[in-house]
Amino acid sequence: MIGVYYYPEQWPREDWEKDIRKMKSMGMHHVHMAEFAWIHMEPRDHEFDFDWLDCAVELVIQNEMDVILCTPTAALPIWLTENHPDVLMVKANGRVVQHGSRGHRCVNSPTFNMYAERITQILAKRYGTKERVIGWQIDNELGHYTDAPCYCQHCQNKFQEYLRSKYDSDIEQLNKAWAGDFWSQNYQQFEQIRLPNRETLVYFPNEHAQLDFLRFFSFSHTLFLERQARLLRKYIHPKAWITHNFMTNDPYVYPRHVKSGLDLFTLTNYPVAGVYKGKAGRQLHRIGDMIDLAFHQDYSRCHNGHWGVMEQQPGQVNWGPYNCRVYPGAVRLWLWAAIVHGAELLDTYRFRQPSSGAEQYHEGLLALDGETLSQGGREFKQVASELKQLQGLWEPLEFPQMPKAAILYDWSSLTAISLHPQSESFDVHQCWRRFYGALKRLGFQVDVICSNRDIHPTSYEVVVVACSDLIDDTTIGHWKNYVTQGGHLVVSPRVATRNLNGHFPKTEYGQRIADLVGAKCLGYDVMPKGHWGKIQRMSTQEIISWYSWAEQWQPSTQSTILASHKDQFYAGSCAAFRTSLGKGIVTLIGFDAQDGVESIMIESLQTSFPKLQEIPENCMYHTRGQLGVFLNFNDQPVEIPDFLIENQSLVIGKRLVGPADLSIWRLKSGFTDN
């Protein structure tokens, strides 16, 4: 379950045996290798050298650990890029990227795919039958980081093919879907279509074309993964699994577009790189954003039920805007958060901190001397020991004693809103996460779903549709059916205002869900920078300041108003309410604000489920198997409230949980009886 990345090609051969023994002594179960080593496997075209990898694999097996091997296609060898420059991606400004980094390949290049399949097949044939080679990772963090997407000729040709297939070779279908009549944007044949690119246009690109392009770009990577997986599966033994380590916050490669080939969905997890600031005067930036971390874990878990962390930050990193030191205990905290969310694999990037190269500031489990365990190394070793101590207690993988909720993650809607947010201040992902955060605050097990299959009151007490904008009428019918049968549906701003092509219907804004929510939408507003609107929460008279988005609603007299606008020309109109529909409840929160959304949502849910109580801020409680784990993401101690640990026995830690610390309890009875 727990393991580590190792790059034998980066270290003297005389160090390998010592390093691998050290991994074993720390309690590591497996070693991850060969990720960026194409030039070492194939130093020249069709000239192969695997002696070094044979040696490293055998050393791991001799030390009774398993091996995860990687296809090396994320880092192309120089002979390939020089002899075949068509394998390289092209930036939006038209410049072809150069050799000298990684991730510079284009998955739509036929030449790249030919060479990628050749090296993958040779690797699979050579190591695929070894029983201790338990898993295979395809490539690494597919995408092009901040330079995505690719604008090469291969992508343009493939995009035209994609559109021809999607629109049944009917250019008029495409013109209608892209609203081409305006600005004379109609095409006469698919060959005329170019990749929508702001760098080559006077004004902004057609939004519908952009959405199709981003869908195509993600599907291109999906097809690459599926092809590579089919090739591996021909040669590796049946028990070996196949994965890819996704950057789950990458807007350009959507993991759920993958339909086949991957047995295990894994992610990269780097909570402390200077992106998350936390609160002023606190050290939360050293511990990480609990909601962000939990979301990516729930999101990965819900692909096919099998997931893991392939890259876990072991300490300070090198690539963030502010590469802060990590708070003591935080690495252990992140690992246990993954465990209680059902992770089947825990890996860290990397074992040794390099003394040179692009990532020399990136800490590993060993310090620069190659001997001393780093803080992260000590915490990895501690978790390995705790897992051994608690072996069997986290099985089965089900999450007992937790109320269940689902939240819809509609990639097309989130992408479309990001293309045209209507306000520079509106961040669709931040809006979405406020609703997810409220569910975690109440202790829900949250399934992140991507469709409306199987949403039923017997499956989920609560279903949240947050920023699910590009929705068809059938989906609205599913939501209505869920509520009338007794479910509690929570609706955010910007829900179901457009169809799947991103077109507004022939009705007033927001009226498609009028029957569902029992209210009329009067409009929406945004504020320019420096201006604020005021909303009053009815139960507490608290004033909530907003600026990025707020809708005005007129609910029926049978509805309960949760918040109202207090200023602007629409003062007195409703901003949030709850209403009955059939046997169930709909809660609509029609505004986005840093403060207020979570508290109003919690208030409404507690009305429906009065025994649900709030978990302390920046804390998480989760159960798995026979264990209940309380995780404190604060920089100060937190005492676990009585309702969480009633009739439970302490196994590890204390009731007063220190900063970036946790405690583990043995379950004896129910969590909450709703």
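The values are calculated or read from the model by the stated rules, or taken from the named source; none is laboratory data. Everything numeric here is computed off the predicted structure, so don't read it as measured data. Note that each Cβ is placed from the backbone with ideal geometry, even for glycine, and that neighbours are counted across all protein chains shown.
For the stretch 73-177, list the helices (runs of 4 or more DSSP H) that sit wholly inside it and hold at least 1 residues that are assigned by TED's automatic domain parsing to the domain that holds Ala37 and in contact with a His (Cβ under 9 Å, 6 or more places away or on another chain); which are they?
So the answer is 78-83, 110-127.
Which one is surrounded by the most Cβ atoms within 10 Å (Cβ to Cβ) among residues in the stretch 201-222 that are in contact (Cβ under 8 Å) with a residue 12 or more places away in the chain and over 17 Å from Leu419 (Cβ atoms)?
Checked the stretch 201-222; the qualifying residue surrounded by the most Cβ atoms within 10 Å (Cβ to Cβ) is His221.
State which residue is farthest from Trp336 (Cα to Cα) when the search covers only the stretch 354-384 and only residues that are buried (at least 16 other Cβ atoms within 10 Å of the Cβ) and among the hydrophobic types (A, V, I, L, M, F, W, C).
Ala367
In the stretch 139-182, how many are hydrophobic (A, V, I, L, M, F, W, C), over 15 Å from Leu223 (Cβ atoms) and in contact (Cβ under 8 Å) with a residue 12 or more places away in the chain?
8
Give the residue that is surrounded by the fewest Cβ atoms within 10 Å (Cβ to Cβ), with candidates limited to residues of the stretch 385-442 that are in contact with a Cys (Cβ under 8 Å, 6 or more places away or on another chain) and closer than 23 Å to Ser459 by Cβ.
Once the filter is applied, the top-ranked residue is Trp411.
Identify, please: which residue in the stretch 55-89 is under 22 Å from Ile138 (Cα atoms) and without any contact (Cβ under 8 Å) to a residue 24 or more places away in the chain and is, among those, surrounded by the most Cβ atoms within 10 Å (Cβ to Cβ)?
Applying the filter and picking the extreme gives Thr81.
Go through the stretch 226-283 and report how many residues are among the hydroxyl-bearing types (Ser, Thr, Tyr) and under 25 Å from Ile119 (Cβ atoms).
Within the stretch 226-283, residues that are among the hydroxyl-bearing types (Ser, Thr, Tyr) and under 25 Å from Ile119 (Cβ atoms) number 6.
State which residue is nearest to Ala406 (Cα to Cα) when the search covers only the stretch 486-501 and only residues that are aliphatic (A, V, I, L, M) and in a loop (DSSP other than H, G, I, E, B).
Residue satisfying both the conditions and the ranking: Val495.
Scan the stretch 599-620 for residues that are outside any loop (DSSP other than H, G, I, E, B), in contact (Cβ under 8 Å) with a residue 60 or more places away in the chain and surrounded by fewer than 22 Cβ atoms within 10 Å (Cβ to Cβ) and report the count.
Within the stretch 599-620, residues that are outside any loop (DSSP other than H, G, I, E, B), in contact (Cβ under 8 Å) with a residue 60 or more places away in the chain and surrounded by fewer than 22 Cβ atoms within 10 Å (Cβ to Cβ) number 6.
Asp642: without any contact (Cβ under 8 Å) to a residue 60 or more places away in the chain, within 25 Å of the chain's Cα centre (by Cα) and at negative phi, yes or no?
No; evaluated as a whole, the condition is false for this residue.
Please return the ranges of strands (runs of 3 or more DSSP E) entirely within the stretch 396-484 where 3 or more residues are touching a residue at least 60 places away in the same chain (Cβ under 8 Å) and within 24 Å of Leu516 (Cβ to Cβ).
445-449
Which members of the stretch 617-627 meet the condition of being within 24 Å of the chain's Cα centre (by Cα) and on the phi < 0 side of the Ramachandran plot?
Matches in the stretch 617-627: Glu617, Cys619, Met620, Tyr621, His622, Thr623, Arg624.
Write out, first by first residue and then by second, each pair whose Cβ atoms fall under 9 Å of each other, whose residues are 6+ apart or on separate chains, and whose first residue, in the stretch 252-276, is outside the structural domain of Arg301 (by TED's automatic domain parsing) and under 22 Å from Leu214 (Cα atoms) while the second is β-branched (Val, Ile, Thr) and buried (at least 20 other Cβ atoms within 10 Å of the Cβ).
Every condition considered, no pair remains.
Filter the stretch 422-472 down to residues that are more than 14 Å from Val490 (Cβ to Cβ) and among the β-branched types (Val, Ile, Thr) and give me whichever is modelled with the lowest pLDDT.
Residue satisfying both the conditions and the ranking: Thr458.
Among (1) under 28 Å from Val340 (Cα atoms); (2) of a type in the set (D, E, K, R); (3) assigned to a loop (DSSP other than H, G, I, E, B), where does Asp49 come up short?
With respect to (1) under 28 Å from Val340 (Cα atoms); (2) of a type in the set (D, E, K, R); (3) assigned to a loop (DSSP other than H, G, I, E, B), Asp49 is out only on (1).
Name the residue, out of Leu284, Leu264, Leu293, that is in contact with a Gly (Cβ under 7 Å, 6 or more places away or on another chain) and farther than 17 Å from Asn323 by Cα.
Of the residues listed, the single one that is in contact with a Gly (Cβ under 7 Å, 6 or more places away or on another chain) and farther than 17 Å from Asn323 by Cα is Leu264.
State yes or no: is Ser385 among the polar types (S, T, N, Q), touching a residue at least 12 places away in the same chain (Cβ under 8 Å) and in contact with a Leu (Cβ under 9 Å, 6 or more places away or on another chain)?
Answer is no for this residue.
Mind listing just one residue for me: the one in the stretch 574-596 that is surrounded by fewer than 20 Cβ atoms within 10 Å (Cβ to Cβ) and part of a loop (DSSP other than H, G, I, E, B) and, of those, nearest to the chain's Cα centre (by Cα)?
Result: Gln594.
For residues in the stretch 343-391 being among the polar types (S, T, N, Q) and outside any helix (DSSP H, G or I), which is nearest to Glu311 (Cα to Cα)?
Thr348
Identify all residues within the stretch 1-45 that are outside any helix (DSSP H, G or I), among the hydrophobic types (A, V, I, L, M, F, W, C) and at pLDDT 95 or above; write none if there are none.
Once the filter is applied, which keeps residues that are outside any helix (DSSP H, G or I), among the hydrophobic types (A, V, I, L, M, F, W, C) and at pLDDT 95 or above, the stretch 1-45 yields Ile2, Val4, Trp11, Met26, Met28, Val31, Met33, Ala34, Phe36, Ala37.
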